[in-house]
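The values are calculated or read from the model by the stated rules, or taken from the named source; none is laboratory data. Quantities reported herein were computed from a predicted structural model and do not represent experimental measurements. Virtual Cβ from ideal backbone geometry, glycine too; neighbours counted across all protein chains shown. The accessibility values were calculated without ligands, DNA or RNA, using every heavy atom of the protein model including side chains. Shrake-Rupley method; radii C 1.70, N 1.55, O 1.52, S 1.80 Å.
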Amino acid sequence: MPRLLLLVMLPILCGLMLYIVQTRLTKAFTIVVQIYLLLISIFFTFQLNGGMIDEALISSPLPYGMILRLDMLSAIMVILNNFLFLAMVIFSMRRSYMNRLFTFLFLSLQGLINAVFLSADIFNVYIVLEVATVAVSVLIMFKKDSQSMYDGMVYLLVNMVAMTFFLFGIGYLYKQFGVLDFDSIKAQIDLLGGGKSLYLPFSLLLTGIGLKAALMPLFSWLPKAHGTPSAPSAVSAILSGIFVKIGIYLIVRMQFIFQNAIDVDSLLLVMGFLTAILGFVFAIAQNDIKLILAYHTVSQIGLILIGISGALEFNRLGGIYHLLAHGLFKAALFLIAGILTEHYKTRKIKQMKGLWRDSKFLSITLLIAVAAITGAPFFSGGYAKYFISYGYSGFIFKALFIFINAGTMISFIKYLKVIFEPSVHKPTPLKIGANRKIVLIAISVITIALGVFGDQFVSVVSQTKTHLDLLAQLSKLPVYVLTYAVSYIVYKKLIEGRKMLDWVMGIELTFNGICMAITGFFFFTYVYLTAVA
């Protein structure tokens, strides 16, 4: 029987071996390893049966020992991670940048991300995240031009600052309780029953995690990293598809650990709405195709945060479901953006036209991804967003959800123009390799399946009964179409060709500004807990 440790060590050892030994079968071997990792991830998930799997790494028991733990949340994240890396390896297998150094760094990152999701020790999470951050920084700077070097260094330094707060939070918890594993920390906090002594470590931890998740106002680093011009599309897809989700994953873990002592769901809910709104406002103002997607990652993270901070179990289910759904369709959008940039020789979305004529295949896959991110019925995004907003009553909440969804639609009207607006240039057929087609087809099929068969998927994974069958989704189609129509009118009448949002593009925090935002976030959180909690 395979061990959980394989999910961490196998990709790292595979990458190291391929770095040392290069053969003609290197890429085929990498794909075989990726398929195996995905299969054992699924195997372990079916072994859970609603419980968890613990695997001791040393003989000493907790709280002094060290274990890997797989529960349903970490299982979903591990499957998503291994699927995306398999997809990116297949997608990039014929690219020149897929050399032995890139392969080593890329596969090492895969193992490190798996380690984050499997770690049951908060200090181990810190160590693995720091190493993963270095790997990501090198991947961002991989092509070594001045812009990518700058973006990579900003990403590295900003994350080091934020994780220093996280480390201080770990130190305070260890000083107070003398333990580091999640279960023991939770047990000690439950015995303590709350108290002001927990406010400082909680604020420190949330500050580090908040930057990883790109919460408002800590998201300025994300467009630099995800949208840097020279980063391969596969790297951008991994960063937005899974790596930024680590922050949200850790927030869920913190909610579980501190749930009987500190209630910050109201604060996180407000942060979620602000992050979602500011994300799409910045996205609307962009003309660079990758920056539009990068800022929309911020917006969708806000939606996920709204879900996991909701009062109902369905809200949390919707937030977790959107973690999975967004990881897939956002990866597809970044891959498509890379293909479009190669085809049109520009990153300016306004200069991309006539895609339907050039490639109907790419047009259809792009439409599927756009439908998913805008919350269309029968797509994964629409299914998740229904449960994120489930149970919220009152005019203000309903208006906010409509506003966020309309903002997303307005942003992606530019993508519809890429497909359907005719080009004055001669037709230039877009050739897409079979490996790329396989990846885009697979993601598109899963995106639709997670919408159409959402109830069945949730029932199998979490034994929760949901109630959004095909007929119920069909009843929401008129509202979706009406919202899109209104959004299109707003875009044509108020936004297109106007400079009303140009000032937004000029808002960009420097390294010092981001550090000030990190410090301000910490103080605000601590003051909030002291005054309200």
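Out of SER203, SER236, SER220, report the one residue that is hydroxyl-bearing (Ser, Thr, Tyr), farther than 23 Å from ARG69 by Cβ and either open to solvent by 10 Å² or more (accessible area, probe 1.4 Å) or free of Cβ contacts under 8 Å to residues at least 24 places away in the same chain (or both).
Values: SER203 fails: either open to solvent by 10 Å² or more (accessible area, probe 1.4 Å) or free of Cβ contacts under 8 Å to residues at least 24 places away in the same chain (or both); SER236 fails: either open to solvent by 10 Å² or more (accessible area, probe 1.4 Å) or free of Cβ contacts under 8 Å to residues at least 24 places away in the same chain (or both).
Checking each option against the conditions leaves just SER220.
Is it true that ASP121 is under 27 Å from THR519 (Cα atoms) and in contact with a strand residue (DSSP E or B) (Cβ under 6 Å, 6 or more places away or on another chain)?
Yes, satisfied.
Among the residues of segment 462-478, how many are hydrophobic (A, V, I, L, M, F, W, C), surrounded by fewer than 18 Cβ atoms within 10 Å (Cβ to Cβ) and touching a residue at least 24 places away in the same chain (Cβ under 8 Å)? Break it down stepwise before answering.
Going residue by residue through segment 462-478, those that are hydrophobic (A, V, I, L, M, F, W, C) are 468, 470-472, 474, 477.
From the residues that got through so far, the ones that are surrounded by fewer than 18 Cβ atoms within 10 Å (Cβ to Cβ) too are 470-472, 474, 477.
Now restrict to residues that are touching a residue at least 24 places away in the same chain (Cβ under 8 Å): 470, 474, 477.
Adding up the residues that qualify gives 3.
Only residues in segment 181-192 that are under 17 Å from ASP263 (Cα atoms) count as the first member; pair them with residues that are open to solvent by 70 Å² or more (accessible area, probe 1.4 Å) and aromatic (Phe, Trp, Tyr), Cβ under 8 angstrom, at least 6 apart or cross-chain, and list the lot.
Pairs that qualify, where the first residue is under 17 Å from ASP263 (Cα atoms) and the partner is open to solvent by 70 Å² or more (accessible area, probe 1.4 Å) and aromatic (Phe, Trp, Tyr), are LYS186/PHE256.
Name the residues in segment 96-131 that are within 30 Å of TYR172 (Cβ to Cβ) and either small (Gly, Ala, Ser) or not in a helix (DSSP H, G or I) (or both), would you? Walk me through it before giving the result.
Going residue by residue through segment 96-131, those that are within 30 Å of TYR172 (Cβ to Cβ) are 109, 111-131.
If the condition is that a residue be within 30 Å of TYR172 (Cβ to Cβ) and either small (Gly, Ala, Ser) or not in a helix (DSSP H, G or I) (or both), then GLY111, ALA115, SER119, ALA120, ASP121 are the ones that fit.
Taking ILE209, is it of a type in the set (A, V, I, L, M), surrounded by 21 or more Cβ atoms within 10 Å (Cβ to Cβ) and under 27 Å from the mean Cα position of the chain (by Cα)? Walk me through it before giving the result.
On the way: of a type in the set (A, V, I, L, M): yes; surrounded by 21 or more Cβ atoms within 10 Å (Cβ to Cβ): yes; under 27 Å from the mean Cα position of the chain (by Cα): yes.
Here the answer is yes, as ILE209 does meet what is asked.
If you go through segment 48-71 one residue at a time, do you hit one that is surrounded by 12 or more Cβ atoms within 10 Å (Cβ to Cβ), in a helix (DSSP H, G or I), of a type in the set (A, V, I, L, M, F, W, C) and within 20 Å of the chain's Cα centre (by Cα)?
No.
Residues are listed down the side, and each one gets a yes or a no for (1) at pLDDT below 85; (2) among the charged types (D, E, K, R); (3) buried (at least 16 other Cβ atoms within 10 Å of the Cβ); (4) out of contact with any Phe, Trp or Tyr (no Cβ under 6 Å at 6 or more places or on another chain):
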residue: PHE397; (1), (2), (3), (4): no, no, no, yes
residue: PHE401; (1), (2), (3), (4): no, no, yes, yes
residue: ASN405; (1), (2), (3), (4): no, no, yes, yes
residue: MET409; (1), (2), (3), (4): no, no, yes, no
residue: GLU421; (1), (2), (3), (4): yes, yes, no, yes
residue: VAL424; (1), (2), (3), (4): yes, no, no, yes
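All but one of (1) in contact with a helix residue (DSSP H, G or I) (Cβ under 6 Å, 6 or more places away or on another chain); (2) farther than 22 Å from LEU167 by Cβ hold for SER60; state the number of the condition that does not hold.
Condition not satisfied by SER60: (1).
Against the definition (among the aliphatic types (A, V, I, L, M), in contact with a Gly (Cβ under 7 Å, 6 or more places away or on another chain) and within 23 Å of ILE336 (Cβ to Cβ)), how does ILE238 come out, yes or no? It would help to see each step written out before you state the result.
Working: among the aliphatic types (A, V, I, L, M): yes; in contact with a Gly (Cβ under 7 Å, 6 or more places away or on another chain): no; within 23 Å of ILE336 (Cβ to Cβ): yes.
No: the conditions fail for ILE238.
Take segment 181-191 and flag every residue that is closer than 19 Å to LEU70 by Cα and open to solvent by 40 Å² or more (accessible area, probe 1.4 Å).
Looking only at segment 181-191, we keep the residues that are closer than 19 Å to LEU70 by Cα, and these are 181-186.
ASP183, the sole residue that qualifies.
Could you go through segment 333-355 and let me know if any residue there is over 30 Å from VAL532 (Cα atoms), at pLDDT below 95, assigned to a helix (DSSP H, G or I) and among the acidic types (Asp, Glu).
Checked against the condition, which is being over 30 Å from VAL532 (Cα atoms), at pLDDT below 95, assigned to a helix (DSSP H, G or I) and among the acidic types (Asp, Glu), segment 333-355 yields at least one hit.
Go through segment 391-441 and give me each residue that's free of Cβ contacts under 8 Å to residues at least 40 places away in the same chain, under 29 Å from ILE90 (Cα atoms) and of a type outside the set (Gly, Ala, Ser).
Answer for segment 391-441, where residues must be free of Cβ contacts under 8 Å to residues at least 40 places away in the same chain, under 29 Å from ILE90 (Cα atoms) and of a type outside the set (Gly, Ala, Ser): just LYS431.
Can you pull out the residues in segment 45-69 that are of a type in the set (A, V, I, L, M) and more than 16 Å from LEU180 (Cα to Cα)?
Within segment 45-69, the subset of a type in the set (A, V, I, L, M) is 48, 52-53, 56-58, 62, 66-68.
Scanning segment 45-69 gives LEU48, MET52, ILE53.
Please go through segment 265-282 and pick out each residue that is open to solvent by 10 Å² or more (accessible area, probe 1.4 Å), of a type in the set (Val, Ile, Thr) and closer than 25 Å to LEU204 by Cβ.
VAL270
Taking SER92, is it over 26 Å from LEU25 (Cα atoms), small (Gly, Ala, Ser) and either buried (at least 16 other Cβ atoms within 10 Å of the Cβ) or without any contact (Cβ under 8 Å) to a residue 60 or more places away in the chain (or both)?
No; evaluated as a whole, the condition is false for this residue.
Report, ordered by the first and then the second residue, all pairs with beta carbons closer than 8 Å, sequence separation of six or more or different chains, a first member in segment 120-140 that is open to solvent by 50 Å² or more (accessible area, probe 1.4 Å), and a second member that is not hydroxyl-bearing (Ser, Thr, Tyr).
From segment 120-140, the pairs are PHE123/ILE170; PHE123/LEU180; VAL131/LEU112; VAL134/LEU156; VAL138/LEU105; VAL138/GLY152.
Could you tell me whether ILE76 is surrounded by 19 or more Cβ atoms within 10 Å (Cβ to Cβ) and either touching a residue at least 12 places away in the same chain (Cβ under 8 Å) or farther than 20 Å from LEU450 by Cβ (or both)?
Working: surrounded by 19 or more Cβ atoms within 10 Å (Cβ to Cβ): yes; either touching a residue at least 12 places away in the same chain (Cβ under 8 Å) or farther than 20 Å from LEU450 by Cβ (or both): yes.
Considered against the rule, which asks whether it is surrounded by 19 or more Cβ atoms within 10 Å (Cβ to Cβ) and either touching a residue at least 12 places away in the same chain (Cβ under 8 Å) or farther than 20 Å from LEU450 by Cβ (or both), ILE76 comes out as yes.
Go through segment 426-444 and count every residue that is among the polar types (S, T, N, Q) and surrounded by 14 or more Cβ atoms within 10 Å (Cβ to Cβ). Quick ask: steps written out before the conclusion?
Taking segment 426-444 and keeping what is among the polar types (S, T, N, Q), we get 428, 435, 444.
Filter again for surrounded by 14 or more Cβ atoms within 10 Å (Cβ to Cβ), leaving 435, 444.
Selection size over segment 426-444: 2.
Scan segment 283-306 and give yes if some residue there is buried (at least 21 other Cβ atoms within 10 Å of the Cβ) and within 17 Å of THR525 (Cα to Cα), otherwise no.
Looking only at segment 283-306, we keep the residues that are buried (at least 21 other Cβ atoms within 10 Å of the Cβ), and these are 283-286, 289-306.
With within 17 Å of THR525 (Cα to Cα) added as a condition, the list becomes 305.
The answer is yes; a qualifying residue exists.
For segment 6-26, name all the residues that are open to solvent by less than 80 Å² (accessible area, probe 1.4 Å) and touching a residue at least 40 places away in the same chain (Cβ under 8 Å).
Those that are open to solvent by less than 80 Å² (accessible area, probe 1.4 Å) and touching a residue at least 40 places away in the same chain (Cβ under 8 Å): LEU7, VAL8, MET9, LEU10, PRO11, ILE12, CYS14, GLY15, LEU16, LEU18, THR26.
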